[in-house]
1. Averaged over peptide B:34-45, how many Cβ atoms belonging to another chain are found within 10 Å of each residue's Cβ?
2. What whole-number distance in Å separates the alpha-carbon centres of region D:66-141 and region A:64-86?
3. Report, in debye and to the nearest 20, how large the dipole of the protein assembly as shown comes out about its Cα centre when Lys and Arg carry +1 and Asp and Glu carry -1 on their Cβ.
4. Note down the net charge around B:Arg87, summing +1 for each Lys or Arg and -1 for each Asp or Glu among other residues with Cβ under 13 Å from its Cβ.
5. What nm distances, shortest first, do you get from the label point of C:Leu3 to those in the other copies when the point sits 7 angstrom along Cα to Cβ?
6. Can you give me the distance in nm between label points at D:Arg90 and B:Leu48, each placed 7 Å from the Cα along the Cα-to-Cβ direction?
7. Take every DSSP beta bridge with both residues inside chain B and express the antiparallel ones as a percent of the total, to the nearest 5.
8. Would you be so kind as to identify which of A:Gln47, A:Ala58, A:Met1 lies farthest towards the positive end of the dipole of chain A, taking Lys and Arg as +1 and Asp and Glu as -1 on Cβ and the Cα centre as origin?
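The values are calculated or read from the model by the stated rules, or taken from the named source; none is laboratory data. Not measured: the values here are computed from a predicted model. Virtual Cβ from ideal backbone geometry, glycine too; neighbours counted across all protein chains shown. Quick note on the areas: whole protein, heavy atoms, side chains included, nothing else; ligands and nucleic acids left out. Shrake-Rupley method; radii C 1.70, N 1.55, O 1.52, S 1.80 Å.
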4 protein chains.
Amino acid sequence: MKLADLYQVENRTTVRVTYRDTDQMGHAYYANHLVWFEIGRTELVRQLGMAYREMEQAAGVFLPVASAQIAYRAPARYDDLIEIRTRVARLSHVSIEFHYHVVRRDGDDEVEIAQGSTRHAFVGRDGKVLKNGFEILRVEG
Amino acid sequence: MKLADLYQVENRTTVRVTYRDTDQMGHAYYANHLVWFEIGRTELVRQLGMAYREMEQAAGVFLPVASAQIAYRAPARYDDLIEIRTRVARLSHVSIEFHYHVVRRDGDDEVEIAQGSTRHAFVGRDGKVLKNGFEILRVEG
Amino acid sequence: MKLADLYQVENRTTVRVTYRDTDQMGHAYYANHLVWFEIGRTELVRQLGMAYREMEQAAGVFLPVASAQIAYRAPARYDDLIEIRTRVARLSHVSIEFHYHVVRRDGDDEVEIAQGSTRHAFVGRDGKVLKNGFEILRVEG
Amino acid sequence: MKLADLYQVENRTTVRVTYRDTDQMGHAYYANHLVWFEIGRTELVRQLGMAYREMEQAAGVFLPVASAQIAYRAPARYDDLIEIRTRVARLSHVSIEFHYHVVRRDGDDEVEIAQGSTRHAFVGRDGKVLKNGFEILRVEG
């Protein structure tokens, strides 16, 4: 795959807000958005033909997070069905950045819940940074 | 230590209910009680002169849970300071059972939040059951 | 619906184990099972034609948990697809008990992860126990 | 209190990493940092003579999060004792920004785990933005 094509791939995954996720304001607690981001990037990676689990177990590649940012737009509430839209925003040999867009579908309308991004290094079993991010994601340099 | 003496040891540990713990009923969500139980038994084991982390890393002893039960008495709420009281209820060569009592201190009064128990096997790095529970806890057979 | 018919209804819901759910043993942490149970009973109630959210908001009926028990059979691991099977095990005018069976599907085989039960009271907005459990679940007395 | 003095106040709160917090890499999962931030700002607000709980219940003031960012420096591991250092970084009439610094104390040394910030609006019970942030925090304009 070409890098420009990779940037076009968007994964859309749906999750339901559970009771556990809520806080006493009746909203999904603000750390859940990072869990949703994780679900989104796992599914995006799966859609690209890999699986996080195999990356870790077979290839010995880990993606520890270096930074995260979240802009909260509207609360998600108990039992809401929300959609996580995930893209690769930037790929280099040593790191990858994902962008996330979380919306609540309401018939034809949609309400923006949050957007955000996370940056991750490619790291080996020994904790050292790998320099073959393109190869890992099978992207032509 | 004699087994009868071990059964007398009670650990008391205090934790505060955070926003994350609450649900939209305004109560601590019902899975948090198992997290409190975990905090209680970790501190009890520490009080007995060991540390879970060392048990796992140095001794290669793990304590996967076999069963858990919880009786919920009264809700814990945001910002409550609760006390977890933990004892060893039963020790055998292959397993250990902890009992927990969670209360909310309110001046001299206390309100019972929950009680419960968990049973754990002693397991080695290879996943096989160990048969030296007394030795691990330094209890005379 | 007749009570005997209610007891025959089984909801089957699938969830994927996320990174958040795992602990350093590489297993789903033992409190997640209660979260799965919650997902199971929410979906069972939905399948019966109600929604927890509406019960709370419209009808002012809450189902706080009175007790829970879990028997852990085998670990669930990161990225496992697990199935939660939920039934009403007992209904009275004042309380309801759910039974849960969690399995990992592996082609035609299935591995039992856990089973358990929770008991809940029917409670009104004022915190008082309601005595119309049959009516709430539209079951003939 | 003068605004310049408010900015000098630093709260230091210690928490222990529990098993629940870890993931299968053996690190504290990346969403826990937001939970630690929450603990830090709750304790800072308490140190300033208020309590979140009272703000919500008595004064009807809520602080929903508008944005969050986290820079992850080093992993926190199971049983680590970590210190959360929290300050008010910016106060306006309609919003407040907290800065957080999370370190692991290791004797006299300390290792930086993460730093970050969150921004919150002052909001009333009706969900409308309040414009008396200075008054709420008893800061002279």
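1. 3
2. Distance between centres, Cα-based: 19 Å.
3. 0
4. Counting the neighbours of B:Arg87, the net charge comes to 0.
5. 4.4, 6.7, 6.9
6. 5.2
7. 95
8. A:Ala58
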